[in-house]
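These notes are about the structure you will find just below.
Since every read-out is calculated from the coordinates, none of them should be taken as a lab result. For clarity, every value in this text was computed on a predicted model and none was experimentally measured. Neighbour counts are summed over all protein chains in view; Cβ atoms, including those assigned to glycine, are modelled from backbone coordinates with ideal geometry.
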Amino acid sequence: MLNSYFLSLYFILVYVNNYLKGYDSIVNFFQEEIKKLKKKGLYRTLNVIESAQGPIVKSGGRDFLLFSSNNYLGLANHPELKKAAKEAIDKYGVGTGASRLISGNMALHKELEDEITKFKETEAALLFTSGYMVNVSVISALTDRDDVVIIDKLCHASIVDGCRLSKAKLQIYPHNDINALEKILKRNINKIKKLIVTEGVFSMQGSISSLPEILFLAKKYKALILLDDAHATGILGNKGRGTCEYFDIKDESIIQMGTFSKALGSLGGFIAGSKSIINYLRNKTRSFIYSTALPPAVLATSIKALEIIKNNPELRGELWKKVGCLKNKLKELGYNILNSPSQIIPIIIGDNEKVLKFSKFLYEKGIFIPAIRTPTVSKGTERLRVTIMSNHKEDDLNYLLNVLSDLKRVGLVL
Ligand SMILES: Cc1ncc(COP(=O)(O)O)c(C=O)c1O
């Protein structure tokens, strides 16, 4: 009798204790996690930009030279893009009110899809609300349980998230390692579909994909390629069409993904490829089917951006000239920039705390280059990711180089 009394009391006390402990810890759990992030130098905060995107931006009432934007061609504040957006609002309003398969499909969606089809020299194209939305849902739409998705180790988080949603087996090969890729293809020869995913220009490394070799293997093993051309569209190739133009490749086993949010200065993602694949994706991709269509101002901006890119090759010329000059000078200063062949220039610092201090040093001198830390890049490769815009002035670059030269001198004692 006494025993069962104590036993019940014990259980009640355990219950109350767990209840309180549980409640307490759930309240404090996230606070503790934040403390851990801060301790590791991984806590992230937002800087507010109070002006349009351009070589100089205002933040906290101060002017900063911006060297970390993907607005490579300076189109995000281009007068013709702004005019196109305003005209589209006057004609079509601001919202689309539904997904495209319901009633949100407007003439501008078709026009932009036609333009991107021509630009990418494919049979068809399909729009999405962002590049992230493309990767996160196209991979799972293309693959299933009996398939394999094979990705480069340095692929973007949106590709990794797309793989997480897919039921297919995931295989990862070391960056641009074609032998390793072939071994994986061989091991998975019996899988029904094999999807290889690579970036054209790798977003944090600046390296360019070994697309011709990947295509050779894709043909040999009857695989599809999903090419993420987010950072190559508008940039690589004589006409800025991207990685396929750069390597002079046209092949229906390559599905090109891209975004309007970088060199094109706008917003939204797309897939371009063969008619059958685009028709299939229009029917199967959940982020296309279940999300409201891109609004008119954004569509008109992207259409205008494509026109400007086609008609103004000198924008790319300016960018490459400045990129080449900056890379040479950074090498002379002794910075490790991983021999990047593209417009993305990583300066490897190799430590979370240190890269934060470097970024702060630059910030205090009026230069905006946030620190890139783990998990965005792997441990030991923390970096400053430097990008320039074709409308940066020579003086802007000289100032950056002077400050980076000072940073090199004080770097070890920061
Ligand atoms: C390689 C790569 N793919 C996809 C995306 C996503 O594109 P968006 O910004 O249009 O969502 C990004 C953006 O950072 C990227 O760098």
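Among 90-97, 34-41, sorting by the average number of other beta carbon atoms lying within 10 angstrom of each residue, highest first, gives 90-97, 34-41. Expressed as a whole percent, the proportion of Cα-Cα pairs in the chain lying more than 28 Å apart is 54%. Evaluated with a Cβ-only charge set (Lys, Arg +1; Asp, Glu -1), region 78-311 carries a dipole of roughly 600 debye about its Cα centre, given to the nearest 20.
Its Cα centre serving as origin, the chain has a Cβ charge dipole (Lys and Arg +1, Asp and Glu -1) of approximately 860 debye. Full extension of the chain between LYS83 and ILE192 gives 34.4 nm of extra length, using 0.36 nm per residue less the Cα-Cα distance. Only Cα pairs under 8 Å and 6+ residues apart enter the sum, and on that basis the relative contact order of the chain stands at 21 percent.
Only helices enter the 222 nm calculation for the chain: every DSSP H run of n ≥ 4 contributes -39,500 (n - 2.57), and dividing by all residues gives -15000 deg cm²/dmol, rounded to 500. Taking chymotrypsin sites (Phe, Trp or Tyr not before Pro) across region 42-80, the ones in a DSSP loop with at most 15 further Cβ atoms lying within 10 angstrom of their Cβ are TYR43. In summary, the lysines within cross-link reach of LYS193, defined as a Cα separation below 24 angstrom excluding same-chain residues under 8 places away, comprise LYS153, LYS167, LYS169, LYS183, LYS219, LYS220, LYS222, LYS250, LYS275, LYS284. Relative protection proxy for 196-202, 175-181, from highest mean packing down: 196-202, 175-181 (other beta-carbon atoms within 10 angstrom).
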